[in-house]
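Undergrad: First the structure, then my questions, so here it is.
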Amino acid sequence: MENFRFLKGAKMIHPTTGITLEYLDKSHAVCFVLFNETKEKVILVKQFRPGPKDYTLEVVAGLIDAGEDPKTAAFRELREETGYTEEDITDFEELKKGLFVSPGYTTENLFFFSARLKSDSIKPKRDADYGQAASRCILDNLGLLFATAEGYIFICSRAIHDTGQG
């Protein structure tokens, strides 16, 4: 793991059992749920991910850079992945404390943010980071998203198809 940029393996001794525990010492991250003007739709990004070895639909997310606070990282990721800026949004909310993503094997905390666009007519300014090749998808009918896994698959497929991104 010494050649990895964002991951560092670590070990510690369990305080009561004495068992050696392995974990990843990892940077913290942010995620940003961006709604349209009326909060009826969510803007997602479609990008290739090495874990599933495929394209995924995701909320805006990314690692917090060294010396960066979570809020600054959230706005940077918003700009990099969608082209929208802090000036384009309203009703900004943040969960003040990060949550452990997977406390059994990583030190990573995830900080949550949300906002809505001031207007659906705002045109994003593209600023993709280092070859990220992310594209925006607009997800509507949010009720189905949380109703069933089948609804989630249908909506994601539909979102990609409807926006010509697939």
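The values are calculated or read from the model by the stated rules, or taken from the named source; none is laboratory data. This structure is a prediction, so every number in the text was calculated from the model and none was measured. Don't worry about glycine lacking a Cβ; one is built from the backbone with ideal geometry, like all the others, and counts go over all protein chains shown.
Undergrad: Checking S121 against (1) at pLDDT below 90; (2) exposed (fewer than 14 other Cβ atoms within 10 Å of the Cβ); (3) farther than 19 Å from I64 by Cβ, which single condition isn't satisfied?
TA: All conditions are met except number (1).
Undergrad: If we keep just the residues of region 1-55 that are of a type in the set (S, T, Y) and surrounded by 13 or more Cβ atoms within 10 Å (Cβ to Cβ), which is nearest to S121 (Cα to Cα)?
TA: So, considering only residues that are of a type in the set (S, T, Y) and surrounded by 13 or more Cβ atoms within 10 Å (Cβ to Cβ), the one nearest to S121 (Cα to Cα) is Y55.
Undergrad: Ok, one more. Based on what the data block shows, is R126 surrounded by 13 or more Cβ atoms within 10 Å (Cβ to Cβ), over 25 Å from D25 (Cβ atoms), basic (K, R) and modelled with pLDDT under 95?
TA: No: the conditions fail for R126.
Undergrad: If the Cβ limit is 8 Å and pairs must be 6+ apart or interchain, which residue in region 8-27 that is free of Cβ contacts under 8 Å to residues at least 40 places away in the same chain and basic (K, R) pairs with which residue that is in a loop (DSSP other than H, G, I, E, B) and surrounded by fewer than 10 Cβ atoms within 10 Å (Cβ to Cβ)?
TA: Filtered contacts from region 8-27: K8/M1.
Undergrad: Show the residue pairs that are 6+ apart or on different chains and have beta-carbon atoms under 6 Å apart, the first residue being within region 69-89 and of a type in the set (F, W, Y), the second being surrounded by 20 or more Cβ atoms within 10 Å (Cβ to Cβ) and part of a helix (DSSP H, G or I).
TA: Close Cβ pairs satisfying both conditions: Y84/L78.
Undergrad: So, one more: Can you tell me how many residues in region 1-26 are within 25 Å of the chain's Cα centre (by Cα) and farther than 11 Å from T106 by Cα?
TA: Of the residues in that region, 5 qualify.
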